[in-house]
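Read the structure below first, then the notes.
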Amino acid sequence: MPRSNHPRGRRRDEPDDDFDVARVLAGWRRTETKRGVLWNVQPVSAVQATKEYVCPGCGLTIVPGTAHLVAWRAEGVRGEAVELADRRHWHNHCWKIG
């Protein structure tokens with residue numbers, strides 16, 4: 001009997017349940033606790049960084065093309081929309097030591 005070279009298992013057109021498109025589009029957003037407060041933290045790659053921001057940790061400018069992160073409160077009492085509007089861009093190092 002000739003050998004079959006057809007793959008067994010999942011077909012190519014079936015979706016991969018392990019691949020979460022929303023997570024990829026969100027830039028690997030995660031939650032962290034700092035000083036007893038839960039924060040949403042989302043990395044921004046150097047390619048995505050197209051604007052200039054001031055880091056609240058050091059007061060220096062985050063220039064376009066610099067990888068950094070964005071943080072906002074996850075459990076704010078003012079509501080998710082208000083907390084998201086109050087998000088801040090941090091240097092990676094400043095966030096780690098802050």
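Loop-only GluC sites (Glu not before Pro) in segment 25-94, please: DSSP not H, G, I, E or B, and at most 12 other Cβ atoms within 10 Å. Could the numbers behind the result be given before it?
Working: sites: GLU32, GLU52, GLU75, GLU80, GLU83; in loops: GLU52, GLU75.
For GluC sites (Glu not before Pro) across segment 25-94 that sit outside H, G, I, E and B with at most 12 neighbouring Cβ atoms in 10 Å, the list reads GLU52, GLU75.
Express in nm, to one decimal, how much length is gained between TRP28 and VAL47 on full extension, taking 0.36 nm for each residue of separation and deducting their alpha carbon distance. Let's see the in-between values first.
Numbers: separation 19, 0.36 × 19 = 6.84 nm, distance 1.53 nm.
Result for the pair: 5.3 nm of gain on full extension.
Test of the criteria: in segment 24-80, which chymotrypsin sites (Phe, Trp or Tyr not before Pro) are in a DSSP loop and have at most 12 other Cβ atoms within 10 angstrom of their Cβ?
On the way: sites: TRP28, TRP39, TYR53, TRP72; in loops: TRP28.
Hits after loop and neighbour filter: TRP28.
What do you get for trypsin sites (Lys or Arg not before Pro) in segment 32-90 restricted to DSSP loop and a cutoff of at most 10 other Cβ within 10 Å of the site's Cβ? Let's see the in-between values first.
On the way: sites: LYS34, ARG35, LYS51, ARG73, ARG78, ARG87, ARG88; in loops: ARG35, LYS51, ARG78, ARG87.
Answer in residue order: ARG35, LYS51, ARG78.
Since every read-out is calculated from the coordinates, none of them should be taken as a lab result. Keep in mind it's a predicted model, so treat the numbers as computed, not measured. Here Cβ is always computed from backbone atoms with ideal geometry, including for glycine, and neighbour counts include all displayed protein chains.
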